[in-house]
Structures are given as C-alpha cells and as structure tokens.
1. Partner chain Cβ atoms within 10 Å, averaged over the residues of B:273-281 - can you pull that number for me?
2. Residues with amide H under 5 Å of B:G70's amide H, sequence separation 5 or more or different chain, H placed in the peptide plane at 1.01 Å from N; which?
3. Averaged across the residues of B:50-62, what count of C-beta atoms belonging to other chains lies within 10 Å of each residue's C-beta?
4. Need one word for segment B:135-294: rounded, prolate or oblate. Basis is the Cα gyration tensor (sqrt eigenvalues a ≥ b ≥ c); a/c below 1.5 gives rounded, then a/b vs b/c decides.
5. Take peptide A:74-85, look around each residue's Cβ out to 10 angstrom, count Cβ atoms belonging to other protein chains, and average those counts.
6. Hey, fewest Cβ within 10 Å first, where do B:C133, A:C270 land in order?
7. For segment B:311-321, take each phi angle, set θ = phi - 60°, evaluate the Karplus expression 6.51 cos²θ - 1.76 cosθ + 1.60, and give the result in whole Hz per residue in order, putting x for glycine and proline.
8. Near the amide H of A:L369, under 5 Å away, which other amide H atoms are found, from residues 5 or more places off or on another chain, if H is placed in the peptide plane?
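All of the numbers you see were taken from the coordinates with simple rules; none came from a lab. Bear in mind that the values here come from a model prediction, so they are computed numbers and not experimental data. Neighbour counts run over all protein chains shown; Cβ positions are idealised from the backbone, glycine included.
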2 protein chains.
Amino acid sequence: MGKARSSSPTISEVAAAAGVGRATAARTLGGYGYVSTEARLRVLAAAEGLGYRANQLARSVSTGISHTLGVVVADISNPFFGGVVRGVSEVASARGFDALVISTYEHLEDEIAAVNVLVDKRVDGIILSSAACDAASTAHLQLARDQGIPLVLLDRLIPGVELDAVVIDNRAAARAATEQLVAAGHTRIGFVWGPPMVERPRFRRDLVDAAARNLWSDGERLMGYLDALDDSGLPLDPELVSVGEKTESHAYDEVTRMLALDTPPTAFFCTETDALTGTLHALRDGGVPIPSRASVIGFDDSSWAAVMEPPLTMVEQPMLELGRRAAELLLRRIDGEDADPEGSGSNESSGSNESSGSSRHGEYTQLELPARLVERASVAAPH
Amino acid sequence: MGKARSSSPTISEVAAAAGVGRATAARTLGGYGYVSTEARLRVLAAAEGLGYRANQLARSVSTGISHTLGVVVADISNPFFGGVVRGVSEVASARGFDALVISTYEHLEDEIAAVNVLVDKRVDGIILSSAACDAASTAHLQLARDQGIPLVLLDRLIPGVELDAVVIDNRAAARAATEQLVAAGHTRIGFVWGPPMVERPRFRRDLVDAAARNLWSDGERLMGYLDALDDSGLPLDPELVSVGEKTESHAYDEVTRMLALDTPPTAFFCTETDALTGTLHALRDGGVPIPSRASVIGFDDSSWAAVMEPPLTMVEQPMLELGRRAAELLLRRIDGEDADPEGSGSNESSGSNESSGSSRHGEYTQLELPARLVERASVAAPH
DNA sequence: CTGTTAGCGCGTTCAC
DNA sequence: GTGAACGCGCTAACAG
C-alpha cells in the first residue's frame with residue numbers, strides 16, 4: 001500500500017477522537033442502529049472537527065450499493081441525449097443517485113466496453129440507448145443481467161429482446177407528420193435519413209427489410225412514413241427515400257439528387273436534426289423556397305426551429321420525460337431487488353397518468369411516450 | 001451483511017477453482033508480480049469459466065484510485081456543456097477513466113452538494129464550471145483540495161481563486177464581434193444578456209461593477225463589448241444593455257424595449273443561445289428584417305445558425321477542445337500526485353502548440369482557448 | 001446502548 | 001514462484 005492518503009480521517013480516527021468504539025461512531029455517522037444522544041454528540045463533534053467524510057467507495061463494497069446509475073448514450077454532445085441525461089439526473093439525484101455517462105458513437109464495440117466498465121464499477125443499474133439491431137448482438141446486456149444489474153432500454157428497442165424500456169412512439173409520430181404533408185396536398189414526399197444501404201432500393205420490401213436491420217427508432221420512422229402513404233393510397237417511390245450514410249452532407253446530396261428528378265418531391269420529412277439541416281442547405285442552394293415550393297417537417301424540436309424563416313413545423317420529442325421515466329423505472333427495479341417479495345409502487349412519486357402507452361409483457365415494462373407535432377409555418381399546399 | 005450478491009464470483013473462488021492461492025490469482029488477474037505460465041493459464045481458464053469480473057470498487061478502496069473523473073456543469077442538456085463533456089470523455093476514456101456528470105443549474109448549493117458527492121465517491125479529479133463569482137464562496141473547492149483531489153476550472157474563472165483552468169478568451173471574442181459591428185458602421189449596438197441587475201444601470205461603472213459580481217464568462221463578454229466601444233470612441237448607452245433575468249423571454253422583452261427607443265440600436269450582439277433566439281423572436285415580431293434593418297451576431301455556433309435566413313454570423317466556441325484540454329490538464333495533475341517528486345510532462349500526448357494563451361501563475365496553469373468569429377450574412381451596414 | 005469481531009473484495013508485503 | 005497474512009474503510013451481526 002502506498003503512502004497514507006494525504007488526509008481523509010477514517011471512521012476509526014473519529015471514534016478515537018470521540019473516545020468511543022468504531023461501531024458507535026459508525027452507527028451515528030451511518031445513521032443506523034441505536035446510539036445515546038451523548039455519544040452521538042461527541043462523535044458528531046469529533047467528525048466535524050476532523051473534517052470527516054465517509055468513504056462511499058468502502059461503503060459500497062460492504063453494502064453492495066453504489067448509488068450510481070450507468071447511462072450509455074450514442075453521443076452526449078447531441079442535444080437529444082443531453083436532454084435525456086438531464087431527465088435521468090433529475091430523478092436520480094432526487095433519490096441520491098449519480099450518473100456515470102458514457103458515449104458510444106453508435107459503435108457496438110464501444111457499447112460493449114461501456115457496459116463492461118459499468119458492471120465492473122458495480123453501478124446499481126444501467127440505462128442505455130443501444131446500437132444493437134438484433135438479439136444476436138446483445139451478449140453484453142446478458143452479462144449485466146447475469147450480474148443482477150437492472151437494465152432499461154432507452155429510445156430504442158431491440159427486436160427479440162425482452163427488457164424494460166422507455167421509447168417514443170416513433171412510428172405514430174412519423175405517420176402523423178407525413179399525414180400532415182399529405183393533407184396539405186402533397187403526393188411526392190421526400191424522406192430524409194433512410195436506412196444505410198449500399199445500393200438504392202427498388203421495391204418497398206427492400207426498404208422494409210433494411211429498416212428492420214437498422215436502428216430501431218430510425219426504422220420505425222420509415223415505417224410510419226410508409227404507413228401514411230398506404231393509408232392515403234399514395235404510391236411509394238424509392239427514389240424519394242434517402243439511403244446511405246447518416247451525415248448532414250449526405251442528406252444534402254440526397255436532397256439535391258431528389259430535386260433533380262423529373263418530378264421532384266414537393267415536401268420533405270426529415271427524421272433527424274442533421275438530416276434537416278442538410279435538407280435546408282440543399283433547398284437553399286437549389287433555390288427552392290419554403291414553404292412555397294417545398295414544405296418541410298423536421299424531427300427533434302429545438303428553440304432554433306421557432307426562429308427560422310419560416311418557423312419550422314417539427315415533431316417534438318419529450319427528451320426530459322424520456323430520461324425521467326427511464327430513471328424511475330430503473331429505480332423501481334433497483335428497489336425491487338432488495339425487497340423483491342412484495343409488489344412495487346411505494347411512493348406515488350409519478351405514476352402513469354398520461355396517454356402514453358404502457359405495456360407489460362410478462363416480466364418487463366415498456367413505456368411508449370407520445371411525440372408531439374408542433375405546427376408552425378413550413379408546410380403549405382404544393383406549388 | 002445481506003444475502004450473497006446474486007452472482008459475481010470473487011477472486012477467491014477463481015483461485016479455488018484454479019487450485020492456487022488467492023495471491024496468485026490476484027497477481028495474474030491484476031497483471032502484476034510474478035506467476036508461472038502454467039499457473040497463469042489455470043487461473044485465466046478458471047476466471048473465464050466462472051465469468052469472473054474484478055470488482056473495481058473493492059480495487060479502488062485498496063488502491064485509492066477510482067479511475068473516475070467528476071464533471072460538474074451548469075446543465076448537461078445545454079449543447080455547450082454537452083460538447084464539453086464529450087471532449088472530456090474522449091480523452092478520459094482513452095486513459096481508462098470515466099465521467100460522473102452532475103448538473104447544478106447555476107445554483108451554488110447544488111454545486112456544493114455535487115462536489116461533496118464527488119469527494120465522497122473518491123473521484124480522482126474534478127472538472128467544474130462553477131457558479132461562484134468570488135473567492136468567498138469557494139469553501140467546497142477548498143474541501144476538495146484538502147482531500148487531495150485535483151481540480152480544474154472549466155469555462156469560468158473565479159476572481160481571486162488560484163486554480164488550474166481552461167477557458168475561452170471571452171473578452172477578446174466579444175470585442176472582436178463588437179468591432180465587426182462597428183466596422184460595418186454601427187454606432188448603437190445592443191448587448192443582450194447583460195448582468196442580472198434589479199435596477200437599470202445609469203453609468204458605465206454600474207455595469208462594470210455588476211459584471212465583476214456576475215458569472216465570470218458573462219462579465220468578460222460585457223467587458224469585451226465595452227472595450228470595443230472605447231477603442232472606437234463610441235459612447236456607451238446603458239439603455240442598450242439588457243439587464244435582468246437570463247431567459248429567452250426576458251431577452252425578448254429587453255430587445256423589444258430597445259426597439260422602442262427614440263434612436264433604437266441598429267445591431268445586436270447576443271452572448272448566449274437563448275439571448276439570441278429571444279432577440280430573433282423580438283426582431284421578427286417587431287418587423288425588423290435582418291440584416292437590412294438590424295445586424296446580429298450570436299455566441300455559440302450551431303449547425304442551425306448556418307441554415308437561418310439569413311445565415312448568422314456567430315462566435316464559435318471550441319467546446320470539444322475545451323473539454324479535452326481540461327481533461328488533459330486534470331489527468332496530468334492526477335499523474336503528478338503519484339509521482340510528485342519529479343516535474344511533470346512525461347507523455348507528449350498533446351502539448352501547447354496553438355496560439356491559445358497559456359499562463360502559469362506559480363503553481364497553477366491557465367489555458368485560454370481562442371473563440372472564432374464565423375462570418376456569414378447577418379451583418380450589414382446600418383440602414 | 002456499546003464494544004468486539006467478523007466479513008466485503010481486493011492489493012501487497014514477506015517469509016518459505 | 002507462491003501462499004499466508006494483513007491492510008483499506010466501512011457495514012453488520014453478536015454478545016454484554
């Protein structure tokens with residue numbers, strides 16, 4: 001062992017200074033068991049005087065509880081995840097838990113490493129937005145489960161994986177947005193941020209297959225788009241779906257391509273912020289005014305959308321609520337670990353009172369929060 | 001002690017399964033000391049078979065190193081801090097460290113609580129963006145120092161406090177932005193996001209005093225604005241500085257007020273994203289087109305700024321770099337703790353090669369990263 | 001009510 | 001090379 005940690009008096013030192021045994025000091029400082037008022041005061045005074053601070057690490061080793069939640073997201077610098085983490089932190093800190101945040105940049109390897117780290121650091125639970133698209137690549141999640149660490153999926157489901165989860169009703173939201181465009185009279189609607197395919201799809205099934213092999217949330221949005229088209233009897237033109245790399249510049253290229261079509265789209269539905277900015281750039285460079293020559297609806301509302309010219313109609317995701325719900329669900333799960341025998345709900349902190357869909361499939365709970373279409377001025381009848 | 005943790009084999013179990021002593025298992029698994037190849041293989045096999053995972057918490061208690069960095073920011077849902085945390089995470093994870101992120105919402109009490117939690121969880125270092133405006137309210141920072149935990153200030157300095165820090169050259173950036181407006185011919189420039197004062201300032205010194213009593217970064221930006229005015233011999237009109245609550249709606253109100261002045265400003269410099277959106281809203285509602293009737297420069301570049309109509313001229317802050325540098329500085333400090341005897345710099349990981357100011361005042365290092373003025377199309381000559 | 005004693009899981013020294 | 005033994009700081013039974 002190295003040199004004595006520069007300072008930090010131990011509980012033994014406090015006990016000595018107070019003239020009592022460790023246990024008594026531990027009891028007062030730990031806030032459990034019985035201890036005489038007199039002794040308590042002495043201990044408290046000694047602790048105060050020495051500047052004692054309980055070592056939570058040591059405490060965690062003994063109790064098996066770290067009061068830390070692991071949060072793994074794609075990218076903390078993405079405002080969406082920033083909002084989610086804020087929501088998680090809010091309810092977590094109110095319960096005395098902190099968040100260990102790790103970004104994976106959508107790389108499965110990083111996600112696996114992140115979960116391993118969290119498991120090794122013995123976090124009490126994990127909230128993660130997985131990059132996994134199928135049950136085959138979820139060994140790391142199983143690892144966490146095996147270690148008895150509660151897990152809740154955030155923003156993205158994984159087909160074939162039964163786990164607690166909190167997501168947005170992406171499909172319904174995308175459908176509503178598309179329908180809004182259809183209602184305005186559009187028949188050729190561009191979809192920006194389709195699945196990453198090497199070859200341009202020819203048939204609807206190519207798209208559906210690719211969507212299923214893709215990130216759940218993105219796939220759902222594409223399905224919602226297809227749903228709306230079906231309902232209104234509009235034909236799907238694969239040329240109007242951007243496919244390939246998910247970057248702003250690629251979105252720009254795809255929109256530019258669509259604009260050059262014989263019958264270009266008269267409206268665009270963008271399912272991501274970068275897809276939207278890329279589209280906006282392309283529209284500007286192509287000399288296509290909004291909404292007179294092209295209507296636009298974006299995803300992920302931001303304060304910027306309202307000050308655009310024209311103000312943009314957007315699908316607003318309840319980021320904070322997403323994070324809060326996930327944390328509540330996880331915390332409830334953690335509480336359950338200790339007192340598993342009985343049911344759940346003790347505090348009425350925040351039940352299920354919204355119109356959000358909540359389904360219980362056997363053991364696990366899945367919450368589907370509603371996204372809201374914020375209508376502004378970027379949608380108009382086609383030229 | 002409760003029931004045996006559902007699973008997680010201990011190092012003893014691995015040793016038993018491998019038929020060796022704990023120490024031998026510990027040596028192989030811990031990667032230190034000597035151990036015969038044969039024994040090593042047996043241990044490794046046993047560990048693999050049992051699905052052994054070292055308990056980092058227990059390890060941390062012994063070693064005194066948690067491989068965790070504490071990061072306390074104002075609000076993780078703010079894209080600026082999201083970017084900063086991403087930068088921190090990048091360099092931290094490359095070194096095997098993780099980030100415990102806590103938001104304070106600019107409340108000093110929350111900040112104090114956050115630092116206490118981090119100290120108690122024995123993080124190896126803390127990066128924080130403090131809400132403290134003077135040395136008088138930094139007892140919590142002293143606490144961390146007393147516990148031997150390295151600290152680096154991020155984005156904000158605290159007058160009178162000597163600590164490592166990484167910040168932006170706010171004053172110079174604000175000055176450059178204002179000068180840009182002056183160069184375009186503006187003489188009445190509105191400053192949005194001034195200090196929170198109850199009473200409207202009458203003289204320059206009221207403003208300077210308030211700035212000094214305010215968040216360092218905000219104060220510096222105001223000083224930069226004043227610098228530019230001075231240099232060009234322009235008079236300061238206190239009416240053109242928004243003061244009060246720092247919210248988008250208040251920025252809106254203040255700009256609306258300025259617009260109603262006898263000689264309204266012909267340009268606006270907004271030092272925060274919310275200040276900018278509030279200003280933009282006010283300008284739109286006031287029927288003031290940009291840049292023909294009012295020029296605008298904002299702070300905190302975002303992908304949105306480029307797709308606005310017109311594209312906005314902005315002051316871009318190197319958020320990622322800010323986080324990276326802070327993490328590097330902190331990590332270097334942490335390395336130094338163990339091998340304090342000798343000087344510093346061992347790895348040439350990333351020295352000081354930019355034109356960013358780096359000053360060493362005695363013991364501590366302060367880095368000042370340059371912000372960049374991104375010129376687009378929201379600045380024009382006054383009407 | 002209180003002190004003793006035995007863990008928790010792991011790091012590390014030190015004889016054998 | 002290896003294993004016994006002790007330490008890290010704290011929790012928690014258990015007698016007294």
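1. For this peptide, the per-residue mean of nearby foreign Cβ atoms is 3.
2. B:L100, B:D124, B:G125, B:I126, B:I127
3. Values: counts 0, 3, 0, 7, 1, 7, 7, 14, 6, 4, 6, 7, 4.
Across B:50-62, the average partner-chain Cβ count within 10 Å equals 5.
4. Prolate shape, in that a/c is at least 1.5 and a/b is the bigger ratio.
5. Average neighbour count from other chains, rounded to a whole number: 6.
6. Working: B:C133 19, A:C270 29.
Taking fewest neighbouring Cβ atoms as first place, the list is B:C133, A:C270.
7. Karplus-based 3J(HN,Hα) across segment B:311-321 equals x, 8, 7, 9, 9, 9, 9, x, 4, 4, 4 Hz.
8. Sorted by chain and number, the residues that satisfy this are A:V167, A:I168, A:D169.
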